[in-house]
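Engineer: Can you keep this structure in mind? I'll have questions shortly.
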Amino acid sequence: MEQQTELLPGGVRYDVDGQIARVTLARPFKRNAQTPDTWLRLAEIGAQIPDGVRVVIVAGEGPSFSAGLDRSMFGTLPNQVGQGDDAFLALIASYQSGFTWLRDPQFVSIAAVQGHAVGAGFQLALACDLRVAADDALFTMAEPALGLVPDLGGTQVLVDLVGYARALEICATGRRVGAAEAGEIGLTNLVVPADELTAAADDLAAAICGSPAASVSATKALLLGARDRSYADQLLAERTAQMGRIKALAEEMARGPGAQP
C-alpha cells in the first residue's frame, strides 16, 4: 500500500464525482506530511477543477489530516535560499498557489480535519472556506517554534477567524488547539465524533449544492472582498452583484420552466 501511495503525484489523490471534487492527502504512513511536490500537485489540481464543481472537500487519509512539512525537507532549505532572493521568493509563491486556489468563488472548499493538523496541515485547513473537525483534531502552528514563519497563506485567515491576539498566541507558543476549543473560538464550523467526519463533510457539501450555484458564487465573492472595501464600496458591490443576479433570473424565467438560477 505504501508503494502504491507513493506513486500518486505529490502523494495526493484527486477525484471528481458530479458537483463534488475530493482532494485527499494520501501518505498515511507519514501522517500525510507534505513536501514541495505536494504543494505543486495541489496547484495543478486547482488549475483543472471542472466548471461544474460546486464543492471541493480536502481530507487526509488515515488518523491524521496532515503533520505538516516532511522533516526530511529541512535540509534542502539552505540550498534553495542560495538560488538568490528573487528565485527563492518565486519558489515560495509557487508553493502558496497550492493553497490559494481554494478561495476561488467558483466553489466552496471544505476541510475535513481529523487528528493532527500541524504547520502546513493547519494552513491547508485554513485555506479552505469551511472546516469540519473530528473531536480528536489538534491544530498547531509549529513554524515559529522551528525558527520559521507560516508562509502558506494561513496568517490572514487565522486573524480573521480568531482575532489578532489569539492568533499571535497560538502561533508564538506553538501550542495545540483541541477540537473543542477550535469550535468555541470560531476556528472550525463544526465538531463531530471522529467516525462521523466524512458524513458530516458530505452533508455540508450536499447542503451547499442545494443552493443555486451562481448566487453562492457571487455571495462568496462579496464576502471575500468585504475586508478590503469601505462600507460604501461594499454596498456598491452588493448592488452590482444583485443587479447581475436579477437580470440572470429574469432571463431564465423568460426561457421558461426547467431553467436553473
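The values are calculated or read from the model by the stated rules, or taken from the named source; none is laboratory data. Predicted, not measured: the structure shown is a model, and the values here were computed from it. Cβ placement follows ideal geometry from the backbone for every residue including glycine, while neighbour counts extend to all protein chains displayed. We work out accessible area using only protein heavy atoms, side chains counted, and drop any ligands, DNA or RNA first. Shrake-Rupley method; radii C 1.70, N 1.55, O 1.52, S 1.80 Å.
Engineer: Can you work out the base-10 log of I(q)/I(0) for the stretch 1-72 at q = 0.12, 0.18, 0.23 1/Å, using the Debye formula on its C-alpha atoms alone?
Structural biologist: -0.31, -0.66, -1.00
Engineer: Under the rule of -39500 (n - 2.57) per DSSP H run of 4 or more residues, summed and divided by the residues of the chain, what mean residue ellipticity at 222 nm is obtained, to the nearest 500 deg cm²/dmol?
Structural biologist: Rounded to the nearest 500, the figure is -14500 deg cm²/dmol.
Engineer: In the full protein assembly as shown, how much of residue 85 is accessible to a 1.4 Å probe, in Å² to the nearest 10?
Structural biologist: Surface accessible to solvent at residue 85 totals approximately 120 Å².
Engineer: Then there's this: Over the C-alpha atoms of the stretch 70-206, what are the Rg and the largest Cα-to-Cα span, Dmax, in Å?
Structural biologist: 15.7, 48
Engineer: Still on this structure: Order the peptides 171-183, 36-48, 229-241 from the highest to the lowest mean number of other Cβ atoms within 10 Å of their residues. Walk me through the numbers on the way to the answer.
Structural biologist: Values: 171-183: 16.7, 36-48: 18.4, 229-241: 12.2.
Per-residue mean Cβ counts within 10 Å order the peptides as 36-48, 171-183, 229-241.
Engineer: Which value results when the Cα radius of gyration for the stretch 147-261 is divided by 2.2 N^0.38 Å?
Structural biologist: 1.45
Engineer: Then there's this: Using the beta-carbon distance between residue 160 and residue 135 and R0 = 25 Å, what value does 1/(1 + (r/R0)^6) give for FRET efficiency, to the nearest 0.05?
Structural biologist: Details: r = 24 Å, r/R0 = 0.97.
The computed FRET efficiency comes out at 0.55.
Engineer: Follow-up. Take the solvent-accessible surface of the protein heavy atoms, probe 1.4 Å, and return the percent of it on the stretch 133-261 that carbon and sulfur atoms account for.
Structural biologist: Here carbon and sulfur together make up 59 percent of the probe-accessible area.
Engineer: Compute the Kirkwood hydrodynamic radius of the chain, taking the inverse of the mean of 1/r over all pairs of distinct Cα atoms, and give it in Å to one decimal.
Structural biologist: Kirkwood hydrodynamic radius for the chain: 19.5 Å.
Engineer: Given a 1.4 Å probe, how much area per residue of the chain is accessible, in Å²? Can you show the working numbers first?
Structural biologist: Values: 13030 Å² over 261 residues.
With the other protein chains kept in place, the chain gives 50 Å² per residue.
Engineer: Applying a 10 Å radius around every beta-carbon, put 114-124, 246-256, 9-19, 50-60 in order of their mean neighbour count, most first. Can you show the working numbers first?
Structural biologist: On the way: 114-124: 27.1, 246-256: 11.1, 9-19: 16.2, 50-60: 19.8.
Highest-to-lowest ranking by the protection proxy: 114-124, 50-60, 9-19, 246-256.
Engineer: Something else about it: Evaluate E = 1/(1 + (r/R0)^6) for residue 71 and residue 250, where r is the Cβ-Cβ distance and R0 equals 45 Å; express this FRET efficiency to the nearest 0.05.
Structural biologist: The pair residue 71/residue 250 has a calculated efficiency of 0.20.
Engineer: So what J values fall out for the stretch 246-257 if you push phi through Karplus, 6.51 cos²θ - 1.76 cosθ + 1.60 with θ = phi - 60°, rounded to Hz, Gly and Pro as x?
Structural biologist: Working through the residues one at a time gives 5, 4, 5, 5, 5, 5, 5, 5, 5, 6, x, x Hz.
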